[in-house]
C-alpha cells in the first residue's frame, strides 16, 4: 500500500496555472489521507481559482490512481470558497449579505480613489469606456488600476492584449494575493484571466459577492491613485456588493442617445444615488458615427441629445459625447485601446478630454 508521503509527492505535480506552485504548498489541498483502497483529500479553492477546479480534480486523480493500492480518489470540496470581508483568508468561510449584517465600507489599502463605470444595459460600450478611461488617466501620470468586475462578460483582457496571460498568486495561507497583469500603463485583474476563452461563469449571488471582494481586497494593487471598476450592466449583485464594500469617489453612467438605453441608464443612476454613491456624470457613447472615408461627416444613427437629457434629469454633468469610429473597434480587438493607438483621432481626443474633466472635478487626494 502506498504511503501518505508517496501520495503527497504525487500531488506535487498538480500546479496552480497562475503561480506554477503546487496546491499542497498553496494550502488548497489539505487533509490528505489513505483509507482502505481510497485516497481522500479536501480541495478548498479561492474564488479566483474556481475556473481551475475540473482540471485540478482530473490531474489529482491521474496522479494518485497509479499508486499501489489506490483504486479510487475521493475529493471533498469546500463549500465556503471565499471570505466576504476584507482580510479574510482566501478559501476561508465567509458570510454573504443574506447571512448577516452588511459590512462597513472599507478602503482598499494603497488605493486613493475608486471610480465605477456603469450602464443600465449591455451593448452601450461600457467596457470600451472603462478601458480607455483607465489608459487616458494613466497617460496623465496617474497610477491606475482596472478591476474588470463584469464577471459574466469579461472583455478587458482582450482590449488590453493580455487574454493569454494568467495572474500570479503570491504569498502563503491567509496572506495569498493575486498579482495584477500590467498592460498599457495600467494594472488589471479580470475573471477573463482566470477562465478559458469559451468557459461560461454560472454563479449565483454569494459566489459573485466573494470574487468581487477578493478582487478588491486580496489583489496586490500596490499604490494606485485611481482604481477604475468596469461594472456589469444592470443593477444586480455586483453593483450592490461594490457599493456596500468600498467607499467610492463616484460612478460614471454610460449610455447611448437612444431611448431604450436611456430608460435603463435612469435606473442605474437612481440605484447609485439611492445607495449613497455620488454620480460623477453621464458619458454618452456612440453619439455620432464618423465614417472612415468621410471623416468630416457626422451621422447620429442612435439619435441625439439623450445623454444631455439624462444628465439634466439627474442633476449631474454630461462629461463626454464619444463618437463611434473605426479606430475604436480596431484598437479594442488589437489589444491597444484607441486612446493609445490613435490618440489624435476624434475618439482618442474625446477619451483624453473625459479623463481631463474627471481629474479636474475630482482631484486625486495627496
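Residue count for segment 203-233 satisfying the condition of being closer than 20 Å to residue 146 by Cβ and assigned to a loop (DSSP other than H, G, I, E, B): 8. Within segment 64-71, is there a residue that is in the same structural domain as residue 324 (by TED's automatic domain parsing) and either farther than 21 Å from residue 192 by Cβ or modelled with pLDDT under 85 (or both)? No, every residue in segment 64-71 fails to be in the same structural domain as residue 324 (by TED's automatic domain parsing) and either farther than 21 Å from residue 192 by Cβ or modelled with pLDDT under 85 (or both). On the basis of being in the same structural domain as residue 140 (by TED's automatic domain parsing), crowded, with 19+ Cβ neighbours inside 10 Å and farther than 21 Å from residue 359 by Cα, does residue 285 make the cut? In short, no.
Taken over segment 311-330, the criterion of being part of a helix (DSSP H, G or I) and in contact (Cβ under 8 Å) with a residue 24 or more places away in the chain is satisfied by 311, 313, 314, 326, 328.
Among the residues of segment 346-366, just one is closer than 17 Å to residue 186 by Cα and assigned to a loop (DSSP other than H, G, I, E, B), namely 364. Of the residues in segment 255-276, at least one is buried (at least 17 other Cβ atoms within 10 Å of the Cβ), in contact (Cβ under 8 Å) with a residue 12 or more places away in the chain and either outside the structural domain of residue 353 (by TED's automatic domain parsing) or assigned to a strand (DSSP E or B) (or both). I'm checking my understanding of the structure. Among residues of segment 33-55 that are in contact with a helix residue (DSSP H, G or I) (Cβ under 7 Å, 6 or more places away or on another chain) and touching a residue at least 40 places away in the same chain (Cβ under 8 Å), which one is farthest from residue 21 (Cα to Cα)? Among those residues, the one meeting the criterion is 47.
Take residue 343 and tell me if it is assigned by TED's automatic domain parsing to the domain that holds residue 135, within 30 Å of residue 183 (Cα to Cα) and part of a loop (DSSP other than H, G, I, E, B). Taking the combined requirement at face value, the residue satisfies it. Of the residues making up segment 225-241, none is at pLDDT 85 or above, closer than 17 Å to residue 169 by Cα and surrounded by fewer than 22 Cβ atoms within 10 Å (Cβ to Cβ). In this structure, residue 280 does not satisfy being assigned by TED's automatic domain parsing to the domain that holds residue 233, within 23 Å of the chain's Cα centre (by Cα) and closer than 30 Å to residue 163 by Cα.
Yes or no: segment 15-24 includes at least one residue that is surrounded by 16 or more Cβ atoms within 10 Å (Cβ to Cβ) and farther than 19 Å from residue 165 by Cα. The answer is yes, given that some residue of segment 15-24 is surrounded by 16 or more Cβ atoms within 10 Å (Cβ to Cβ) and farther than 19 Å from residue 165 by Cα.
Return yes when residue 240 is closer than 18 Å to residue 213 by Cα and within 17 Å of the chain's Cα centre (by Cα) and no when it is not. Yes, satisfied.
When segment 16-51 is limited to residues that are closer than 14 Å to residue 78 by Cβ and assigned to a helix (DSSP H, G or I), the one that is modelled with the highest pLDDT turns out to be 23.
The values are calculated or read from the model by the stated rules, or taken from the named source; none is laboratory data. Remember, it's a predicted structure, so these values are computed and weren't measured experimentally. Every residue, glycine as well, gets a Cβ built from its backbone with ideal geometry; the counts of neighbours run over all protein chains shown.
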